[in-house]
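The block underneath contains the structure these notes are about, expressed in structure tokens.
The values are calculated or read from the model by the stated rules, or taken from the named source; none is laboratory data. It should be emphasised that the depicted structure is a prediction, and the values quoted were computed from it without experimental measurement. The protein model used for the area step is the full one, side chains on, heavy atoms only, and it has no ligands, DNA or RNA in it. Shrake-Rupley method; radii C 1.70, N 1.55, O 1.52, S 1.80 Å.
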Amino acid sequence: MSDRTIRIGTRGSALARWQTEHIAGLLRAAYADLQIEITVIMTQGDRVLDQPLPLVGGKGLFTAELEAALRSGEIDCAVHSLKDLPTEPTDGLIVGAIPDRADPRDALISRARFTLATLPQGAAVGTSSRRRAAQVLHSRPDLQMLDIRGNVDTRVRKALNPEGAYDAILLAYAGLDRLGKADVISEQLSFDAVLPAPGQGALAVQCRDNESRDLLTLITHAPSATAVSAERAFLGALGSGCSLPVAAYAEIEDRKLHLRGRINSLSGAEQIDVEMIGGIDEAEAIGRELAQKALAQGAARLLESVS
């Protein structure tokens, strides 16, 4: 970064560009003299679209190329969907900002306007997420879960195609809302039905530990950052990544943090639910302690059967 210019890296999808423009807007509002340059970088997850996500690669599927550009100095910061960012720290890089989080719930889209409860017996539901699939199967074991790939627009088109293979698909509500597509949603799923991925709905601005970090401080939303730190600590302490059926969601009220965690078997037949309440200054410790509580109830066995 030089001469009050910051170079931001992003993936090329419409949603990634929206997210990056959102961060750019926050920075412009905070610093009137700041110049912003945006660089589009393709990741492995963007290139390989004909295989289920868990088979394409592990950690860093949508982030590794952006991180490499950061380390090389090609860009000054990178915008990620936080749920895609591995929990392990990357040498020389930090999360410099987490702005105000969007609605973290998942959504169901059906051309016939079915809800999860009203989907016909044996209906085909598309998702690339093992977490979503396992939780849906827990309440509706009769459903047929099919893999679906592509960006948000592509998946919505597949869901609404009268000749398509899907009776419904599952997506994050935040992405649909950010792209102005909330009107296609048949149902926003409750946390009891489908608990979100750790960090879902939140954005992360990753940077080197230099002057960029100081610039990003002003756009951080402290309650969102605290909540997602607990969720990610839970995920990290389980030793699992975004391709496994692990869910977590933290809420803050009256300076107390309420963290819920969930681990499923792939079939959905088994589900472990755990929760804790503690002080907001103990967010990461709460996440780690809740993970131990889940492990004591058999979470390791469920996760080992998936990996």
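Over all pairs of different C-alpha atoms in the chain, the reciprocal of the mean inverse distance, the Kirkwood hydrodynamic radius, equals 19.8 Å.
Computed in the context of the full set of protein chains, the accessible area of the chain at 1.4 Å probe radius has 48% of its extent on carbon or sulfur.
Measuring only protein heavy atoms, the 1.4 Å probe finds Ser267 accessible over about 70 Å².
Heavy-atom accessible surface of Arg131, to the nearest 10 Å², is about 10 Å², with a 1.4 Å probe and all protein chains retained. Once the 1.4 Å probe is applied to the protein heavy atoms, the range 198-307 comes out at 43 Å² accessible per residue.
So what is the relative contact order for the chain, in percent, with contacts set as C-alpha pairs under 8 Å and at least six apart? It would help to have the intermediate numbers written out before the result.
Working: 640 pairs, mean separation 63.8, N = 307.
Averaging sequence separation for qualifying contacts and normalising by length gives 21 percent for the chain.
Pairs of Lys residues in the chain that lie 8 or more places apart, or on two chains, and have C-alpha atoms under 28 angstrom apart add up to 9.
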